[in-house]
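Engineer: Once you've had a glance at the structure underneath, I'll fire off some questions.
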Amino acid sequence: MAPDTPPTVRPRRRALRTVGLIAVAAVLGLVGGTATGYGIQAEREATPLPALNQPGLAYPKPLPKGEEPEPLSAAEDRQVKVNGDLRKLLLPRPKGARAAGEDGWQSLDAYATQYTRPSNALTHQLDYGIRRIATRSWMSSERRSVTIDLIQYRPGTRAGAAEHVASQQRVAGRDDQANYEGEPVKGSGNGRYYLYPVEREPGYLDLYVARALVQHGDIAIVIHMSDTEKIAEKDIRSLAERQLERL
């Protein structure tokens, strides 16, 4: 004889069937209610949107003919100035000083060789969007040398001059370099000048170094001064301020 069917099977099917019917009814109720709501909304008149006017706005009237301001002269327009011959913006050699080293345009390769890791310096300058370099060097006394570099960068997504100056200022502030944050250059937003500790080595004269690092628009000003005699703070400060004024 076949075994009896378990008594729990049939009532369970009925329960599932009942739940299914309730779920279908609920869905139909939701759909019907939603459709009714859309129908009522569709029969209503549209609510007008507020006008898109702003009476508070006003634009200045153009000046009458003949009263327009004069365009900036070449001397006043900074872009005309710095996009011309950059060499003309370099400080002239002081009276009595003699030329030493580069004077005029400097190649990127030559500039990069001044760094301890030239290949890295070259890569960074290309990333910054370097455009050109104008430089001037002189000897103002038997052993005091001065070099000024004006490094111009192309406009773009990177502020090359600001990045280069900030990078060099971080290096200058390190313990093994000037070891302080530098002093501000008057008239600049972020320019600093530094007096480095004296370098002494047996068999050699003492070496004193001063640097100035200033950003002005798309131009980085880098000034290097060295001497076997102590460098006065006013010497590097004055040089940086006078060079900045020419830009």
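Engineer: If you check Ala178, Ala162, Ala166, which single one turns out to be over 25 Å from Asp103 (Cα atoms), of a type outside the set (S, T, N, Q) and surrounded by fewer than 20 Cβ atoms within 10 Å (Cβ to Cβ)?
Structural biologist: Working: Ala178 fails: surrounded by fewer than 20 Cβ atoms within 10 Å (Cβ to Cβ); Ala162 fails: over 25 Å from Asp103 (Cα atoms).
Residue meeting the stated conditions: Ala166.
Engineer: Restricting to the stretch 222-247, what's the tally of residues that are among the small types (Gly, Ala, Ser) and not in a helix (DSSP H, G or I)? Let's see the steps before the verdict.
Structural biologist: Step one: list which residues in the stretch 222-247 are among the small types (Gly, Ala, Ser), which gives 226, 232, 238, 240.
Retained after the next criterion (residues that are not in a helix (DSSP H, G or I)): 226, 232.
Selection size over the stretch 222-247: 2.
Engineer: Okay, moving on. For the stretch 196-232, which positions are touching a Phe, Trp or Tyr at 6+ places or on another chain (Cβ under 8 Å), under 21 Å from Leu91 (Cβ atoms) and not β-branched (Val, Ile, Thr)?
Structural biologist: Residues satisfying the conditions are Tyr208, Ala210, Arg211, Ala212, Leu213, Asp218, Ala220, Ser226, Asp227.
Engineer: Go through Ser226, Ser238, Ser140 for me and flag whichever is polar (S, T, N, Q), modelled with pLDDT of 95 or more and open to solvent by 40 Å² or more (accessible area, probe 1.4 Å).
Structural biologist: Details: Ser226 fails: open to solvent by 40 Å² or more (accessible area, probe 1.4 Å); Ser140 fails: modelled with pLDDT of 95 or more.
Of the residues listed, the single one that is polar (S, T, N, Q), modelled with pLDDT of 95 or more and open to solvent by 40 Å² or more (accessible area, probe 1.4 Å) is Ser238.
Engineer: Please list, ordered by first then second residue, the pairs with beta carbon atoms under 6 Å, 6 or more apart or interchain, first in the stretch 88-111 and in a helix (DSSP H, G or I), second charged (D, E, K, R).
Structural biologist: Leu89/Arg246
Engineer: Can you tell me which residue is farthest from the chain's Cα centre (by Cα) among those in the stretch 182-223 that are touching a residue at least 12 places away in the same chain (Cβ under 8 Å) and open to solvent by 70 Å² or more (accessible area, probe 1.4 Å)?
Structural biologist: Going through the stretch 182-223, the residues touching a residue at least 12 places away in the same chain (Cβ under 8 Å) turn out to be 182-183, 185-198, 205-223.
Those left that are additionally open to solvent by 70 Å² or more (accessible area, probe 1.4 Å): 183, 186-187, 189, 197, 205.
Details: Glu183: 22, Lys186: 21, Gly187: 20, Gly189: 14, Pro197: 31, Leu205: 41 Å.
The qualifying residue farthest from the chain's Cα centre (by Cα) is Leu205.
Engineer: Checking Asn120 against (1) touching a residue at least 40 places away in the same chain (Cβ under 8 Å); (2) of a type outside the set (Asp, Glu); (3) more than 20 Å from Leu86 (Cα to Cα); (4) part of a helix (DSSP H, G or I), only one condition comes out false. Which one?
Structural biologist: Status for Asn120: all satisfied but (1).
Engineer: Among the residues of the stretch 92-107, how many are open to solvent by less than 60 Å² (accessible area, probe 1.4 Å) and in contact with a strand residue (DSSP E or B) (Cβ under 6 Å, 6 or more places away or on another chain)?
Structural biologist: 3
Engineer: Looking at (1) at pLDDT below 95; (2) touching a helix residue (DSSP H, G or I) at 6+ places or on another chain (Cβ under 6 Å), which is the only condition Leu213 fails?
Structural biologist: Condition (1) is where Leu213 drops out.
Engineer: Go through (1) in contact with a strand residue (DSSP E or B) (Cβ under 8 Å, 6 or more places away or on another chain); (2) farther than 29 Å from Asn83 by Cα one by one and return the number of the condition Asp176 breaks.
Structural biologist: (1)
The values are calculated or read from the model by the stated rules, or taken from the named source; none is laboratory data. These numbers come from a predicted model, not from an experiment. When we count neighbours, we look across all protein chains shown, and the Cβ atoms used for this are built from the backbone with ideal geometry, even at glycine. Protein only, heavy atoms only, side chains kept; ligands, DNA and RNA dropped before computing areas. Shrake-Rupley method; radii C 1.70, N 1.55, O 1.52, S 1.80 Å.
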